[in-house]
Amino acid sequence: MASNFIILNGFDRSGTSAISKVLAYHPQIELIMQPFNSGFVREVMNFEYKERDNSKDSFLFFDSLRNNMLRNDLIKSHWYFEYSTTTVYKENQLHLIKTTINHLFQKWMKLNFPDIEVWGIWRDPKKIVNSIFRNDFYNKWYQNAVDEIAFTVANCEILKDHFTPFINSLNSDVRKMSFLIAVRTYYFLYYLDSDKLLNYETFVSSYNYLNKFTNAYSLTDFNFNECADIDYNIVGKSYENKEEIEVSLEDEMFMDLIFTELYNLKEEKFIV
């Protein structure tokens with residue numbers, strides 16, 4: 001029997017807050033907001049996760065989800081305690097776990113916890129890059145991550161051939177951020193089930209697109225379009241329409257190259 005906890009993972013600025021908070025308007029869905037933002041996932045978020053010790057916090061936490069329980073004692077994220085709709089399991093409800101950092105856990109999840117289903121969000125990676133710099137996410141969260149990701153690429157069979165050639169060309173912040181997005185997203189999509197990807201661009205054109213998710217769990221019909229005029233920033237701040245950043249021609253060409261395998265994988269594997 002599948003767990004009543006479902007993980008929804010996407011990169012920062014890919015629409016995870018908007019999609020998860022709109023889904024949470026459904027009367028049968030509870031939102032579990034970013035429980036991994038501090039603690040055992042964040043500490044290793046840029047490394048392929050292979051831990052085999054079932055006494056580790058990671059195993060204990062996901063094992064509790066498999067058994068429809070929440071281990072609040074293992075959660076250190078203030079986002080979880082402030083913005084979740086519940087911090088305890090609720091009978092007959094689907095519990096949607098919103099996260100932005102679980103990409104390199106996906107193979108480990110499939111091997112150890114296949115009964116905890118994982119969904120992903122697709123947004124054009126170039127738009128993610130632009131949004132990250134417009135909102136100053138790079139300096140806050142990613143400035144020191146490249147060495148960790150480069151180590152992961154060098155030691156992961158499905159990544160090394162595609163992404164090793166780019167390591168010596170990471171001479172701008174845009175290139176470094178693009179490298180991070182490409183590597184983590186490629187790994188995640190490679191191990192993600194082909195029917196469990198949501199398209200952010202399709203969602204913003206019609207919120208009722210999210211019935212793709214609710215129909216997968218035989219939930220009652222819901223008109224998500226009624227939620228279209230609400231701001232879904234994670235902390236409720238008003239939306240600011242910031243100008244797109246200017247990207248050099250050289251960095252634009254770099255993005256075209258590094259995202260090629262990502263676009264190909266998405267087109268070959270998923271119908272979104």
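For this structure, a couple of remarks:
- Using alpha-carbon coordinates, inclination of helix 173-191 to the longest axis of the chain, degrees: 50 degrees
- A simple spin-label model places pseudo-atoms 7 Å from Cα toward Cβ; at SER218 and LYS140 they are separated by 4.2 nm.
- GNM flexibility winner over the chain from VAL247, VAL174, VAL204 (Cα, springs under 10 Å): VAL247
- Pairs spanning more than 19 Å between alpha-carbon atoms, out of LYS127/LYS176; LYS140/LYS176; LYS140/LYS160; LYS56/LYS160: LYS140/LYS160; LYS56/LYS160.
- For segment 64-141, the list of trypsin sites (Lys or Arg not before Pro) that fall in a loop by DSSP and count at most 16 other C-beta atoms within 10 angstrom reads ARG71, LYS76, LYS90.
- Fraction of the pair-distance distribution of the chain above 36 Å, Cα-Cα pairs, percent: 11 percent
- Accessible area of segment 98-215 belonging to carbon and sulfur atoms, whole % at 1.4 Å probe: 44 percent
- Dipole size of the chain about its Cα centre, with +1 on Lys/Arg Cβ and -1 on Asp/Glu Cβ: approximately 520 debye, rounded to the nearest 20.
- Sorting ASP12, ASP53 on solvent-accessible area from highest to lowest, probe radius 1.4 Å, gives ASP53, ASP12.
- Overall form of segment 135-272 per C-alpha gyration tensor (a/c, 1.5; a/b vs b/c): oblate
- Whichever lysines have a C-alpha closer than 19 Å to that of LYS212, once near sequence neighbours (fewer than 8 apart) are set aside: LYS21, LYS98, LYS196, LYS266, LYS269
- Helix 260-269 and the long axis of the chain differ in direction by around 40°, with both axes built from C-alpha atoms.
- Highest-fluctuation residue, SER38, SER17, SER84 considered, GNM on the chain with Cα pairs under 10 Å: SER38
- With at most 16 other Cβ atoms within 10 Å, longest stretch of the chain clear of loop GluC sites (Glu not before Pro) (DSSP): 92-239
- With the charge dipole of segment 99-140 set up from +1 on Lys and Arg Cβ and -1 on Asp and Glu Cβ about the Cα centre, the Cα lying farthest toward the positive end among the listed residues PHE133, PRO114, ILE101 is that of PHE133.
- Plainly put, segment 1-78 has a radius of gyration that is 0.96 times its Kirkwood radius, both from alpha-carbon atoms, as the Rg/Rh ratio.
The values are calculated or read from the model by the stated rules, or taken from the named source; none is laboratory data. Everything numeric here is computed off the predicted structure, so don't read it as measured data. Here the Cβ is made from the backbone with ideal geometry for all residues, glycine too, and neighbour counts use every protein chain on show. When the accessible area is computed, the model is the full protein with side chains, heavy atoms only, and any ligands, DNA or RNA have been set aside. Shrake-Rupley method; radii C 1.70, N 1.55, O 1.52, S 1.80 Å.
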